[in-house]
Structures are given as structure tokens and as C-alpha cells.
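The values are calculated or read from the model by the stated rules, or taken from the named source; none is laboratory data. Just so it is clear, the structure is predicted and the values come from calculations on it, not from any experiment. Using ideal geometry, Cβ is built from the backbone for each residue, glycine included, and neighbour counts are taken over all protein chains shown.
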Amino acid sequence: YICSIMSKIEANTIDSISGTSTLTLGSSNASTIALGSGDVQSNFLYPAFHAYLSSAQSLSEETNTKINFDTEEFDSNGCYDNSSNYRFTPTLAGKYYVYSQIYWVQNTTTNIKNTAIRIYKNGSQLRRNFQLFTGSYIQYFTSQITSIVDMNGSSDYLEIFGSYDTNNNGGCQAYNGADVTYFGAYRIGT
């Protein structure tokens, strides 16, 4: 005769036995561990940051340039450098949802031929979103990019780069503002 008993355990901390590094909740019978209403699994969604460009950044024509997102709206673990390297170096390994947007502006004419936004990981291009305006050049455009990126939690870092080309070498800017040119990321799991 097998009997199952439902019970409730109340505790502030549950930890593994000294000398072991694994704590197992449930066994072969448990396929889901449910959190109560309002409870949060604290190791997901952090580290997290969101930063934006506070003043317009001029870029050279046909030159891939790092965008200097210099103002943080939040940085949960101090993992984003908003003053010198403009990069995100998370301190916890896992998969991260990464997003960015650049609002491109050519102030005087309608001559932007193409724009690109890129996610760089450890100094190399990982993802790119490229826009080509053939035969109908523009004056303003918003480039966006998203990706899920594996990070090692110690030395991996992310940056955002942008580039453009115009019909008249007229110059272009990554326009400033919290609502138009920004970069952010947050951990979504292991």
C-alpha cells in the first residue's frame, strides 16, 4: 500500500548539505516547480541594464563606429560601462536578450543610402541589421536589432556599432534621446 501525503514546509532558506554543490527539488515525479503569485525567480532577468545616447553622435561616412550610450536608466549589477568602453560585461553566465535602436538623422538633405546596426561580442560582429534605400534616399531612419546571446559571466562583453552611407557625403548622426537611441540587455536563463 502506497500513501502520498501533501504537506507544507515553511523556511527562509533551503540549502544543500555542506560539501555538495547541487540542491535537487523534486524527483522523477516533479516536472514543474511552481512559484506562488507575486514570487520571482531571482536569478533570471538580472543582470540587466538599459542605457541611451544623451547627445547626438556624429559618425564618419562608411565607417563602422561604436555608439556611446552614455546615460543609464538602470544597471542592476553595475555591468554596463557608460563612461569609457560603452559595453555590457555581465557577471552571471547565461543567455541574454539583447536589444538596441539607433535613430539616424541627416539634418539638411534627404541623402541617406543605407544604414546598419550591429551587435558585437568580444570585439567581433555577431549580428547585423542592414537597410538599403535604393533609388529613394531618406533623411531619417530608425534601425533596430535584437538577439539572444550566450555569455560566460566573466569576460564576454557586448557593444553596439553603427554605420551609414549617403549620396552626397553629407554626414549623418546617431540622434540622441532616451526614446530613440538606446541599448539594453537582460538575462533570460541558463
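Any residue at all in the stretch 42-62 that is modelled with pLDDT of 65 or more and of a type in the set (D, E, K, R)?
In the first step, residues of the stretch 42-62 are kept if they are modelled with pLDDT of 65 or more; the result is 44-62.
Pick out the ones that are also of a type in the set (D, E, K, R) and you get 61-62.
Scanning the stretch 42-62, I find at least one residue that is modelled with pLDDT of 65 or more and of a type in the set (D, E, K, R), so the answer is yes.
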*Which residue, of THR146, THR166, is under 14 Å from GLN101 (Cβ atoms) and among the hydroxyl-bearing types (Ser, Thr, Tyr)?*
THR146
_Selection within the stretch 58-73 - part of a strand (DSSP E or B) and in contact with a Phe, Trp or Tyr (Cβ under 8 Å, 6 or more places away or on another chain)_ = LEU59, THR65, LYS66, THR71, GLU72, GLU73
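Which of the residues belonging to the stretch 132-157 are part of a strand (DSSP E or B), farther than 10 Å from THR91 by Cα and not hydroxyl-bearing (Ser, Thr, Tyr)?
Hits for the stretch 132-157 are LEU132, ILE138, PHE141, GLN144, ILE145, ILE148, VAL149, ASP150.
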*asked:* Checking ILE102 against (1) among the aliphatic types (A, V, I, L, M); (2) crowded, with 19+ Cβ neighbours inside 10 Å; (3) over 17 Å from ALA174 (Cβ atoms): exactly one of these is not met. Which one?
replied: (3)
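Of the residues in the stretch 47-56, how many are farther than 18 Å from PHE88 by Cβ and either aromatic (Phe, Trp, Tyr) or in a strand (DSSP E or B) (or both)? Write out each step before concluding.
Quick first cut of the stretch 47-56, residues farther than 18 Å from PHE88 by Cβ only: 55-56.
Of the ones still in play, those that are also either aromatic (Phe, Trp, Tyr) or in a strand (DSSP E or B) (or both) are none.
Counting residues in the stretch 47-56 that are farther than 18 Å from PHE88 by Cβ and either aromatic (Phe, Trp, Tyr) or in a strand (DSSP E or B) (or both) gives 0.
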*Within the stretch 166-185, how many residues are within 21 Å of THR109 (Cα to Cα), in contact with an Asp or Glu (Cβ under 8 Å, 6 or more places away or on another chain) and part of a loop (DSSP other than H, G, I, E, B)?*
2
*Within the stretch 83-103, restricting attention to residues that are among the small types (Gly, Ala, Ser) and not in a loop (DSSP other than H, G, I, E, B), which residue is modelled with the highest pLDDT?*
SER100
*Quick check: anything in the stretch 74-89 touching a Phe, Trp or Tyr at 6+ places or on another chain (Cβ under 8 Å) and more than 20 Å from ALA51 (Cα to Cα)?*
no
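Would you check which residues across the stretch 166-178 are on the phi < 0 side of the Ramachandran plot and either at pLDDT below 90 or within 16 Å of the chain's Cα centre (by Cα) (or both) and list them?
Of the stretch 166-178, the ones on the phi < 0 side of the Ramachandran plot are 166-168, 170, 172-176, 178.
Matches in the stretch 166-178: THR166, ASN167, ASN168, GLY170, CYS172, ALA178.
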*Of all residues in the stretch 104-131, how many are under 20 Å from ASN64 (Cβ atoms) and outside any strand (DSSP E or B)?*
4
